[in-house]
Amino acid sequence: MPTDTKRVRGPEVSQSPSLLLCRPPVVLPSQGPRADGRQRDQVDVRPVFVRCGLVSQAKGSAYIEAGNTKLMCCVYGPRETERKDETDMKCGRLTTDMRFAPFSCPERGSWIQGSQDKDFSLMLHESLQPAVCLHKYPRSQIEVNVMVLENSGSVLAHAITCASLALADAGIEMYDLVLGCSIRQDGASCVVDPSYMEENYCSSASSENQGGLTVAFLPSLNQISGLQSDGEMTEEILTAGVRTCIEGCYKLYPVIQQALAKAVRKAAPPPSES
């Protein structure tokens, strides 16, 4: 009998999937250092690795890695828009698309864009649009595509930073770079740049001041272009969280500037010999 080569054979010794569902609940400590060694209630962001111009087929591209969170962004355009109306005749159009790879999360997803992907795409658009000089590109369309390769927390904040860097790498005129930072409020303490476990599990038994906050910030202009929050937080906690996110953006700013300057020097033609 011929062997079915398309069938993936499982191991000879296996366990029932129901046993894997009976996992003990994850309990995160509410005090002391975090799981990765960072401190609570401090602007302690993860080390960031950034590169530009990795995708040759795109007009501009960027890759960002913060801890185990990995994202890739490609920018196409400006190109002639397919649907023209009165608004497109005066200024250009910015489209954003953010998707999660099926292997990016602990629970495997699908290639079909879900509700979370659409919400993140809308938030990404609202954060980037105030920084792009769309009036310089009438009758044109600029496409921004973000792919989350691995989700280890704070994907929206790092997607904003990665997309802004890709737009700058593509030569799109902008008022300023857009940097993103997020926090997670857990009772009386907060964590900056939370991980996937910190975003999805809380350590406080109280339901007060439980939520997340993501801020998109223009550092040179000192303006906020986007803000997204969930959960329940008081006005004082929310105000302090915005200030903390701004401080986190200023910490990332030199790293992003250095990566962009390195990409410009690499793309510049060699000096001519006189």
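A few points about this structure:
- Among Asp97, Asp117, the order of accessible area from largest down is Asp97, Asp117, computed with a 1.4 Å probe on protein heavy atoms.
- Estimated at the nearest 10 Å², the accessible area of Leu260 is 40 Å² with a 1.4 Å probe.
- Full extension of the segment from Asn200 to Asn222, taken as 0.36 nm per residue of separation minus the current Cα-Cα distance, would add 4.8 nm.
- Glu247 versus Leu122: modelled label distance in nm, points set 7 Å from Cα along the beta carbon direction: 3.3
- Residues whose amide H falls under 5 Å from that of Ser225, counting only those 5 or more places apart or on a different chain, are Ala216, Phe217, Leu218, with hydrogens built in the peptide plane.
- Placing Leu238, Leu124 in order of accessible area, with the largest value first and a 1.4 Å probe, yields Leu238, Leu124.
- Note on region 43-266: lysine pairs with Cα distance below 22 Å, sequence gap of 8 or more or different chains, count 10.
- Karplus-derived 3J(HN,Hα) values for region 40-52, using 6.51 cos²θ - 1.76 cosθ + 1.60 with θ = phi - 60°, are 7, 6, 9, 7, 10, 8, 6, x, 10, 10, 9, 9, 10 Hz; glycine and proline are entered as x.
- In Å², nearest 10: area of Val155 left accessible to a 1.4 Å probe: 10
- Full extension of the chain between Leu149 and Glu107 yields a length gain of 13.8 nm, computed as 0.36 nm times the residue separation minus the alpha carbon distance.
- If you take all other residues with their beta carbon under 9 Å from the beta carbon of Cys181, and give Lys and Arg +1 and Asp and Glu -1, the sum is -1.
- In the context of the full protein assembly, Tyr76 retains an accessible surface of approximately 60 Å², using a probe radius of 1.4 Å and ignoring ligands and nucleic acids.
- Space enclosed by the convex hull of the alpha-carbon atoms of region 43-266, per residue, Å³: 129
- Sequence of Val191, Val55 when ordered by accessible area, the most exposed leading, probe 1.4 angstrom: Val55, Val191
- Among residues other than Tyr196 with Cβ under 15 Å from its Cβ, the summed charge is -2 (Lys and Arg +1, Asp and Glu -1).
- Formal net charge of residues neighbouring Lys251 (Cβ-Cβ distance under 15 Å; K, R +1; D, E -1): 0
The values are calculated or read from the model by the stated rules, or taken from the named source; none is laboratory data. Quick caveat: nothing in here was measured; it's all calculated off a predicted structure. Don't worry about glycine lacking a Cβ; one is built from the backbone with ideal geometry, like all the others, and counts go over all protein chains shown. We work out accessible area using only protein heavy atoms, side chains counted, and drop any ligands, DNA or RNA first. Shrake-Rupley method; radii C 1.70, N 1.55, O 1.52, S 1.80 Å.
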